[in-house]
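This report refers to the structure that appears directly beneath it.
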Amino acid sequence: MLRFLTAGESHGPALLGILEGMPAGVPVSAECIDAELARRQGGYGRGGRMKIEQDRVEILAGVRHGFTLGSPVGLLIRNRDWANWEAVMSPAPPQEGAGPGPSIKERAVTRPRPGHADLAGGLKYGHHDLRNILERASARETAMRVAIGAVCQGLLAELGIRLVSHVVSLGGVEADTAGLVPEEIAGRAAASPVYCADERASEAMVAAIDRARQAGDSLGGVVEVIAAGVPVGLGSHVAADRRLDARLAQALMGIQAIKGVEVGLGFEAARRPGSQVHDEILAADARRDLSGGLWFRRASNRAGGLEGGVTNGEPVVVRAAMKPIATLYQPLISVDIVTKREERAGIERSDTCAVPAASVVAQAAVAFVLAQAVLEKFGGDSLDEVRRNRDAYLAAVRAF
Ligand code: EPS
């Protein structure tokens, strides 16, 4: 079973990650991981923190000479901002006045932000400085999830599975990407400051972010992940916790600020009659076989590649809705946990919009779940063994 754990506070020394269950022989390089980290750091709408951080992974375990060993992969991303927070975030008992940066008291958070984990987390854990909650609730942690997802994408790429992500809606501006194939979406999104494949929508999204920043407000949006080359038969209909759509939803909902997930048509499917929802099954044309040697193909992919919790051979298409970031520079009303009086919520330095970054995080989340599902189906302690198992299975599907 492929599994991972992360640790790390937003302004602590570093983020840690352990990915266990990767087979041996999967190519891994710091450069590939760093490319994804850079993508996550980018995107229009970020705040001051991203000028401080230049995320770089350090591979500490499980990789030798560019390939996984089969042992746990250990990853580290240092927080450059730690230098400014050493005294406030020190693991050692507090020493006021020691070290650079602001004092612990100056950095204490007592006015919880509506929409953030601050209040519920403080009550639950008994913390009277809500910084003890926000430091871990922060989406800074997603840097490590992106690093772990990048390792998973290394495995998936070896098996011909390619992932693309993009922003389909931001601040109420909707992108039109109808008719674009994943490669086109990836190319156009890479050229957009908000990772949106529709140039006109992209400009309107940038303008919306500028307006929100000026108003001290924040914006959410919807991101989409497409996985092409996914073999038929990942996941299972036999038990709720083995349904791949359910597992993808869990992984996407597990990303900070995500409030909704759709698979394929998603909520739109509930509005249409069945004849306009389900994807007809056609015999593959021997001359124009677009279905990878299979004897069937689909007329459409409104199911988003998943039926009954099982991949059906079509691209997996999922979307995640991100709420606007909870920190508002024009804060909402809150209650100070010390005075118990109504006050404006506290302001922590923040981003106006992190939806483009969320697209990269969502891609990483999907990569992890697909890598897990691939390893469950095809097993194997080495990449070669996984490939042999996959090839034997696909030969059986073709000969079915
Ligand atoms: C975040 C607040 C901001 C973001 C941060 C997430 O950080 P800071 O409080 O240091 O300005 O920049 O995101 C990251 C650091 C990151 O790497 O994505 C929050 O409160 O969630």
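Observations on the structure shown:
- Test result for residue 374, hydrophobic (A, V, I, L, M, F, W, C), assigned to a loop (DSSP other than H, G, I, E, B) and more than 13 Å from the ligand (Cβ to nearest atom): no
- Which numbered condition residue 37 misses (of (1) out of contact with any helix residue (DSSP H, G or I) (no Cβ under 8 Å at 6 or more places or on another chain); (2) within 11 Å of the ligand (Cβ to nearest atom)): (1)
- Output for segment 60-77, where each listed residue is surrounded by fewer than 18 Cβ atoms within 10 Å (Cβ to Cβ) and either under 20 Å from the mean Cα position of the chain (by Cα) or within 21 Å of residue 363 (Cα to Cα) (or both): 74
- Any chance residue 247 is part of a helix (DSSP H, G or I), free of Cβ contacts under 8 Å to residues at least 24 places away in the same chain, surrounded by 17 or more Cβ atoms within 10 Å (Cβ to Cβ) and not polar (S, T, N, Q): no
- For segment 48-57, the condition of being within 14 Å of the ligand (Cβ to nearest atom), without any contact (Cβ under 8 Å) to a residue 60 or more places away in the chain, not in a loop (DSSP other than H, G, I, E, B) and not hydrophobic (A, V, I, L, M, F, W, C) holds for at least one residue.
- Note on segment 19-36: residues that are surrounded by fewer than 17 Cβ atoms within 10 Å (Cβ to Cβ), in a helix (DSSP H, G or I) and charged (D, E, K, R) total 1.
- Hey, residue 84 within 12 Å of the ligand (Cβ to nearest atom), modelled with pLDDT under 95, of a type in the set (S, T, N, Q) and on the phi < 0 side of the Ramachandran plot or not: yes
- All of (1) under 30 Å from residue 23 (Cβ atoms); (2) in contact with a helix residue (DSSP H, G or I) (Cβ under 8 Å, 6 or more places away or on another chain); (3) not charged (D, E, K, R) hold for residue 382 with one exception: (2).
- Applying the criterion of being in contact with a helix residue (DSSP H, G or I) (Cβ under 7 Å, 6 or more places away or on another chain) and of a type in the set (Gly, Ala, Ser) to the residues of segment 43-58, the residue that is farthest from residue 87 (Cα to Cα) is 43.
- Search result, residues across segment 262-301 that are at pLDDT 90 or above, touching a Lys or Arg at 6+ places or on another chain (Cβ under 9 Å) and more than 17 Å from residue 232 (Cβ to Cβ): 262, 265, 266, 268, 269, 272, 276, 277
- Of the listed requirements (1) of a type in the set (A, V, I, L, M); (2) loosely packed, with under 15 Cβ neighbours inside 10 Å; (3) free of Cβ contacts under 8 Å to residues at least 40 places away in the same chain, residue 269 misses just one: (2).
- Checklist (1) over 25 Å from residue 243 (Cα atoms); (2) at pLDDT below 95 applied to residue 334, failing item: (2)
- Answer residue from segment 158-192, given it is of a type in the set (Val, Ile, Thr) and part of a loop (DSSP other than H, G, I, E, B) and is surrounded by the most Cβ atoms within 10 Å (Cβ to Cβ) among those: 161
- Failed item in (1) touching a residue at least 60 places away in the same chain (Cβ under 8 Å); (2) in contact with a strand residue (DSSP E or B) (Cβ under 6 Å, 6 or more places away or on another chain); (3) within 12 Å of residue 171 (Cα to Cα); (4) assigned to a helix (DSSP H, G or I), with residue 209 passing the rest: (2)
- Sole residue being without any contact (Cβ under 8 Å) to a residue 40 or more places away in the chain and more than 29 Å from residue 179 (Cα to Cα), chosen from 387, 302, 341, 297: 341
The values are calculated or read from the model by the stated rules, or taken from the named source; none is laboratory data. Bear in mind the structure is a predicted one, so any value in this text is a computation, not a measurement. No Cβ is skipped: glycine too gets one built from the backbone with ideal geometry, and neighbour counts run over all protein chains shown.
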